[in-house]
Structures are given as structure tokens and as C-alpha cells.
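**Q** The structure's right below; bear with me while I get my questions together.
Read-outs: derived from the displayed coordinates by stated rules, not from any lab. All values reported here derive from a predicted model rather than from experimental measurement. FYI the Cβ positions are ideal-geometry reconstructions off the backbone, even for glycines, and counts take in every protein chain you see.
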């Protein structure tokens, strides 16, 4: 786990869970929890770009261990063993360190300001959800467990509005667009945001943001996709800066 922050208490924590280092570094050291997993490639650089633009309002907490060995977005109490965050018990302490780091930053913010506006959990998606608009689909998908991870305010709607004003297509669950209860959807807020919203009473909102592949690719600065990436990062950073 690596935490990147400034000396002042942050107003936002950005979590990166699934863009770890190369799997080969761990293959002969830890037992894998699954045969193979997809990496959310390019999410950590976006997190750092948001961090720098929102400076000093944000902090970044990064799980560097590949999700094939440690998935910090899984419930350790899940009744299905294969869904749990790790198979190798030595990684239990790394799981705890990651979540403790986030809890600590939230507590620090609450002590300084009375509350923390938002925890943002950044991910990357490859496949459009079945409810995606046609033909383009979504550029970003916001997951809040059908609004259950928004304790106070409307930070999810503020992010969605800013991205939409910048020309992006965004899914933000609301009264009319909420995903039906009981419908499996990995984009609707995972273990981290649900746990954080439940256990940290000073946290206003916990939001999972899934980012489309084209925004996560490394590309020459003069390309149109890179220009869109800059606008995307700036929209999120400005929303954090206004918190």
C-alpha cells in the first residue's frame, strides 16, 4: 500500500485498487486467489493527475499488489471462499493496512473540518453495462449502491453534472435510473465504498467511478483522446477543489 498526500488533512481520498504492479513479481511468493484477472490499466496515472490538479485537497491510496493475489475490494467474510480478497493468509495484513489507511485519512479530515466530502474509488471498465445508452455507451459509470453510499449532499450528481457539461456520457444512479435491487452489477459500488459509507459517519459520500478504456490509454499529447482525458481529469479535480 502506498499513500500519497500533503501535510494538510485532505478533503477527498482517491483509492486505486486494481492497477497494481506486474503480477510476475509475486508469482513465486504468494498463492494466487484466482487463475487470472484483468488489470484496470491506466487508472493510477489518472488518480495522480487528479491529485495534482486538486492539490492540496486530495490524497491517493494505492494497492500495489495485483488483484490476482489481493483484491481489497472484496469482503473477507464472504461465504464463498473464491470471492474473498486473498488466499494466502500473509496478505491479510496488507488488506488491513489498505483499509486502515483510508479510514485514517477520513478520520483526520473529520477531526479538522467536521466531515470529509467524498471518497472516490477509481476503476476502469472494458465492457459497457446492459443498460448503456446506444450507440456510444458511457464514458464514466458512477456506482453508489443505488444511492446508499451517499450519506449527505449530492456529490455524485455534482461530478456527473460537471462531466456531462464537459461533453461526457455519464451514468449516475438516481430515482428513475437506479439499477434494480438484486441485479448483479460490479459497477454499482463494491466493497470499499459500501464499507466506508457504513463505518465512517463523518464521510458524506463514497463513489465508485468506472472509466472507459480510451480515457486510460497513454497517447501523444496532440491526439483528441488525450485532450478528452485532460478535460475529464480537470472536471473531477475541480469538483473536488470546490468541496
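**Q** Rounded to the nearest 0.05, what FRET efficiency do residue 79 and residue 111 have when you use their Cβ-Cβ distance and R0 = 30 Å? Walk me through the numbers on the way to the answer.
**A** Values: r = 36 Å, r/R0 = 1.21.
Efficiency computed from Cβ-Cβ geometry: 0.25.
**Q** Taking 0.36 nm per residue of separation and subtracting the Cα-Cα distance, what length does fully extending residue 241 through residue 27 add? Provide the component values of the computation, followed by the final result.
**A** Details: separation 214, 0.36 × 214 = 77.04 nm, distance 4.02 nm.
Gain on stretching residue 241 to residue 27: 73.0 nm.
**Q** Would you mind calculating the relative contact order of the chain from Cα pairs under 8 angstrom and at least 6 residues apart, reporting the percent as a whole number?
**A** On the way: 457 pairs, mean separation 61.7, N = 243.
Relative contact order for the chain comes out at 25 percent.
**Q** State the Cα centre-to-centre distance between the range 124-143 and the range 23-56 in whole Å.
**A** That distance is 21 Å.
**Q** Computed from the coordinates I sent, log10 I(q)/I(0) by the Debye sum over Cα atoms at q = 0.07, 0.12, 0.17 Å⁻¹ equals one of (i) -0.26, -0.70, -1.22; (ii) -0.19, -0.59, -1.28; (iii) -0.21, -0.66, -1.37. Tell me the label.
**A** It is the one labelled (iii).
**Q** When DSSP beta bridges are limited to those with both residues in the range 1-141, what percentage is antiparallel, rounded to the nearest 5? Mind showing how you got there, number by number?
**A** Values: 3 of 13 bridges.
Taking every DSSP beta bridge with both residues in the range 1-141, the antiparallel ones total about 25 percent.
**Q** Report, for the chain, the % of DSSP beta bridges that are antiparallel, rounded to 5.
**A** Values: 8 of 27 bridges.
That works out to approximately 30 percent antiparallel.
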